[in-house]
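Below: the structure, in structure tokens.
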Amino acid sequence: MTARIAGNDYRSLTPPALGAWTPSLRVSVVIPAYGDQEKLDLALAGLAVQTYPAALTEVIVVDNGSSPPLRLPELRPEGTGLIVCPTPGRAHARNAGLSAATGDVIHWLDSDVVLDRRSVEAHMRWHHAAPYLAVTGYLRFTPARLPAPEVVAAADDLAKLFEPAEPHAWLVDLVERTDGLTANPHRAFSLHVGGATSVNAALLAAAGPMDTDLILGQDTEMGYRLAQAGAVFVPEPLSRAFHLGPTMRMRGKAPIDRVSHAFVADRIPSYRWLRSHPSRQWKVPYLEVVVEPGERAGREGTGYSYDEVRATVDAVLAGTLPDVAVTLTGPWDRIGTEGRAPLKDPDLDLVLIRGHYAHEPRVRFVDEASVTSAVTSAPSEASRKPRAAAPYRLRLPAGWVPGDDTLARLLDLAGDDGYGLVAVLLAEGGQDGEGGAGSERMIVAARLERAAAFARAVIVLEEGEDLDDAVADTFGVVWVDGETYGFASEARPIVGRRGAHRARIEAEAQVARLTRENERLRGQVTKWRDEAGRWRKSAVELRREVGTLRKELAAARKIVQYGLLSSVKRAITRRR
């Protein structure tokens, strides 16, 4: 039984301790080299004393057009060969070495990297635990003077020769802030660096060779394709190595990123920050929507209804997610050119669909005979081209219409929670759609599939097991309600970019009007507050005056009362 790893949590595996196990897999160490014979000699000296069995190791040095030509030194592993790749470029050289490799595992190694004697064994113990791993060792960059190859071979600890050295800071930071790449599995593929990484050969065959069209960033781009093929990425601290001198990136990160990002943006959809443009298209889309024949098909034998397909495809292309492509599978090769009675053509709906989207670059037509799952089809041995896949695929029945933000919301759900499959319930009912008692339940659903999850499921799938069950074990499956996520069974008016632009302008104008009104009201409130302050001040003064008047009135009353009392007393006195 193949070990099952959830997401990128390789910690479920228990590799054997170094020196306490019996290996059986063969490893091919591929070393592309251009000049610098002295450093190559040191790299081969380090390989000559590896603890991994020499009988299970082959080393392929690829001379990428060096002048003078490279040679193999006396101090080297037994199974070392030298081939020549005259086409310039490390990707070409690696592909040449890959073509010549016969091992179960391919170990990339730069010609200026010296491995610790336990490094290959540290890699290979993981590959014996699961057949879909990419393992990367820890590099340190040394400015030390180069020792003799014999000194390297005799050293029990390379640190004594090459320290002080700088760590691969970017890689160390990535591993530490993702809890060893287990906390953020979507970026784990960035660990694939060519200096000291090993990959299962079958996994490489599924992903395809290095992309020779890239100027820089080949390692990361291949890491992305390995992830789509189901790879789990493992950082191995026991695999230590020293890079002889700084890398090109260490000498100038900004210019390297400028060149690399210009190319990898087209090929790595997961780098969302490189795809901030609101409308342009890319070589590898973020989402592929496969529109399948709906429940209400068109004419008998066509499989598709033109009206249903148009409602679905137009809504997909008009949504808030521009990074999308549509695939229509069907018997497109049987469409003829009926000029006399087109309305009687049994394939009229197919003709209309093909004609309507023939010049839409985001829609492709794939013949039924050639359609297999992007993750279940076996790679062609003759194919030597990279096979990049969209990270997500949505299988959607024709006639079901997503809302403007439906696709983006589904992708957020899948991405945030790491699901391998998001199944969307669109409709359910009886065998005839009535849902009567005792009738067989019919479910209409859409499926958002993560390519990496289904590729992994194919690798670990047991005989007789349902593929979705394997996806549930490795990435997780969730069901959601289609109406909640904005799906409808009828076509909606398409707003379009012009309409959206006008709506945005109107909204901005309304915001501006409300802002002005708000400022006016704030001014009015301030005026009222000032007026209220004056009134409060006047009220205080009036209260004081009233108080004074009350005192004066009280005094006057006392005077009046006293005067009246005196008058009465005098009158009484007179009467006496």
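The values are calculated or read from the model by the stated rules, or taken from the named source; none is laboratory data. Values in this document were obtained by computation on a predicted structure and should not be read as measured data. With ideal geometry, Cβ positions are generated from the backbone for all residues, glycine too; neighbour counts draw on all protein chains shown. The area values use the complete protein model at the heavy-atom level, side chains included, leaving out ligands, DNA and RNA. Shrake-Rupley method; radii C 1.70, N 1.55, O 1.52, S 1.80 Å.
Some observations on this one:
- Protection proxy ranking of 547-553, 41-47, 272-278, by the mean of other Cβ atoms within 10 Å over each peptide's residues and highest first, is 41-47, 272-278, 547-553.
- The share of accessible area on region 142-299 that comes from carbon and sulfur is 55 percent, using a 1.4 angstrom probe.
- Normalised per residue, the accessible area of the chain is 52 Å², obtained with a 1.4 Å probe and no contribution from ligands, DNA or RNA.
- Difference of contour (0.36 nm per residue) and Cα-Cα distance, LYS344 to GLU176: 53.8 nm
- Distance in nm between pseudo-label sites at LEU238 and ARG544 (7 Å out along the Cβ direction from Cα): 9.0 nm
- Using the Cβ-Cβ distance between TRP528 and ARG557 with R0 = 41 Å, the FRET efficiency computed as 1/(1 + (r/R0)^6) comes to roughly 0.50.
- Extension gain, LEU514 to ALA148: 0.36 nm times the residue separation minus the Cα-Cα distance gives 124.0 nm.
- Expected 222 nm ellipticity per residue - DSSP helices of 4 or more, -39500 (n - 2.57), all of the chain, to 500: -12000 deg cm²/dmol
- Label-to-label distance, nm, for residues given as ASP307 and LEU72 (7 Å Cα→Cβ offset): 7.2 nm
- Sequence of ARG240, ARG557 when ordered by accessible area, the most exposed leading, probe 1.4 angstrom: ARG557, ARG240
- Long-range amide H partners of VAL234 with built H, under 5 Å: ALA134, VAL135, THR136
- Restricting attention to the chain, lysine pairs at least eight places apart or on different chains and with alpha-carbon atoms under 28 angstrom apart total 8.
- Long-range HN-HN contacts of VAL444 with modeled amide H, under 5 Å: LEU426, ALA427, GLU428
- Reciprocal of mean inverse Cα separation for the chain (Kirkwood radius, Å): 29.1 Å
- In plain terms, the chain from LYS537 to HIS261 could stretch by 92.6 nm, reckoned as 0.36 nm per residue minus the Cα-Cα distance.
- Using Cβ point charges alone (K and R +1, D and E -1), the dipole size of region 64-213 about the Cα centre works out to roughly 160 debye.
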